[in-house]
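Colleague: One structure, as structure tokens, below. Some questions next.
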Amino acid sequence: MSEDRELDYIPVTWIKEYHFCPRIIYFMGVLGAHERVTESIKAGGSHHTLESLRENRRLTLAGDRKTRVDRRWLKLKVSSRRLGVRGVIDEVAEVNGELTIVETKYMKKPKKPRRSHLYQATAYAMLAEERLKKPVRRILLRYLPEGGSHTVTVTDRMRRHVEWTVRRIRKIVCEEKLPRVRSDGRCRGCGWLWPCRKT
């Protein structure tokens, strides 16, 4: 894929970032900045590698002994010209002819799924359907190393929201306009806090 064609595709991770804070899209998509690599980001990458090796040996869905997996794809590269989105899915598992997206997060399990994680995984569901030509009915959000998960049914409303989010991301990048700051408790732990305060 040429460099020009590559720019036509938004990384799925930007959907997650948009729902955390739209300003991150401006920093990455307009200024070309990268988030500083923290120790927790490095640790998450190491855990991801180990978990992929474990998943490759499992016969069941994310360690659930009752649900056998017919087939699985790990680190599946996907893209959609229709959506203008590309990414790499942690895991797609086929169970009884239907696909499940398994997205692993290295954090304490929240009481309910975070919007950023949910819509990132929904985008992966849409991309997996295009690539594998089978329906995705649910998303499994896993939280490691403590364990626990949320299972979410994929709805048409969630799919439409992903499409809306992609349009909003493109608008920020095309207009090169810095979104207003949305100051709340998340700002304290954000890797973009320093440049954000300077703008």
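The values are calculated or read from the model by the stated rules, or taken from the named source; none is laboratory data. For clarity, every value in this text was computed on a predicted model and none was experimentally measured. Don't worry about glycine lacking a Cβ; one is built from the backbone with ideal geometry, like all the others, and counts go over all protein chains shown.
Colleague: Can you name every residue in region 64-82 that is at pLDDT 95 or above, closer than 24 Å to TRP164 by Cβ and either outside any strand (DSSP E or B) or not β-branched (Val, Ile, Thr) (or both)?
Modeller: Listed by number, the residues that qualify are SER79, SER80.
Colleague: Any residue in region 164-182 that is modelled with pLDDT under 95 sitting within a Cβ distance under 7 Å of a residue that is part of a loop (DSSP other than H, G, I, E, B)? List the pairs, counting only those 6 or more apart or interchain.
Modeller: Matching pairs, first to second residue: LEU178/THR199; PRO179/PRO22; ARG182/CYS21.
Colleague: Looking at region 120-145, which of its residues are in contact with a Lys or Arg (Cβ under 7 Å, 6 or more places away or on another chain) and either among the aliphatic types (A, V, I, L, M) or within 16 Å of SER79 (Cα to Cα) (or both)?
Modeller: If the condition is that a residue be in contact with a Lys or Arg (Cβ under 7 Å, 6 or more places away or on another chain) and either among the aliphatic types (A, V, I, L, M) or within 16 Å of SER79 (Cα to Cα) (or both), then GLN120, THR122, MET126, LEU141 are the ones that fit.
Colleague: Tell me the helices (runs of 4 or more DSSP H) entirely within region 114-199 that contain at least 2 residues that are in contact with a strand residue (DSSP E or B) (Cβ under 8 Å, 6 or more places away or on another chain).
Modeller: The helices (runs of 4 or more DSSP H) meeting that bar are 115-132, 156-175.
Colleague: Does GLU98 meet the test of being without any contact (Cβ under 8 Å) to a residue 60 or more places away in the chain, among the acidic types (Asp, Glu) and surrounded by 19 or more Cβ atoms within 10 Å (Cβ to Cβ)?
Modeller: When the stated conditions are applied, GLU98 does not pass them.
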